[in-house]
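Right, one structure below, let's go through it.
The values are calculated or read from the model by the stated rules, or taken from the named source; none is laboratory data. Keep in mind the model is a prediction, meaning the values are calculated, not measured. Accessible surface is based on the protein model in full, side chains and every heavy atom, while ligands, DNA and RNA are left aside. Shrake-Rupley method; radii C 1.70, N 1.55, O 1.52, S 1.80 Å.
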Amino acid sequence: MEIPKLASSLEQIEAFDDVPDDFVLPEGSVKKGEKYFKKYCSQCHSIYPDNRMTRGGQTQLGPTMFNVYGRASGIEEIQQKLATDRVEQVLWLEAALMNYMKNPRVMSAGRVQMNFAGIKDFQTRVDIVHYLKTLDWNNDEIAHPPEKPASFAPLRWMSKS
């Protein structure tokens, strides 16, 4: 097993140079954030409390993004992941989310195994954070989705009659 190379302090500073310690999230668009989330994140991350996947081509590899804002890292289950493949000791607030989306490997010290190089564009990340902040218990449509249909086809057919 190869030990991942940890990023040097200089690499970390350069990776996150657009998010200062006293970062305040600028204005953004929830609607654009939803579009960008679908483009960059929804292949592996659900937006629902039960971590359901609702679109073709999705794989349940990452934790749900439901209620991610303000959550401590490592709380939600991740399918097919070891405890060593996780980000540790992070409280997912604006700055942490912005930094992670820009360069996940630096922030996780090389421990993530996802095919995602990061999002360099600042405003795109801002918009996604604004969208992520809406994925909570106050969003009734997301918090209380319809019951999942049975995965066994005959049960689905029987429920339609």
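Using θ = phi - 60° in the Karplus curve 6.51 cos²θ - 1.76 cosθ + 1.60, the 3J(HN,Hα) couplings for the stretch 36-41 round to 5, 4, 4, 6, 9, 10 Hz; x is entered for Gly and Pro.
Length gained on full extension, W137 to R52, computed as 0.36 nm times the residue gap minus the Cα-Cα distance: 29.0 nm.
Of the whole protein surface, V126 contributes about 0 Å² of accessible area at a 1.4 Å probe radius.
Note on surface exposure: T54, T134, T64 rank T54, T134, T64 by accessible area, highest first, 1.4 Å probe.
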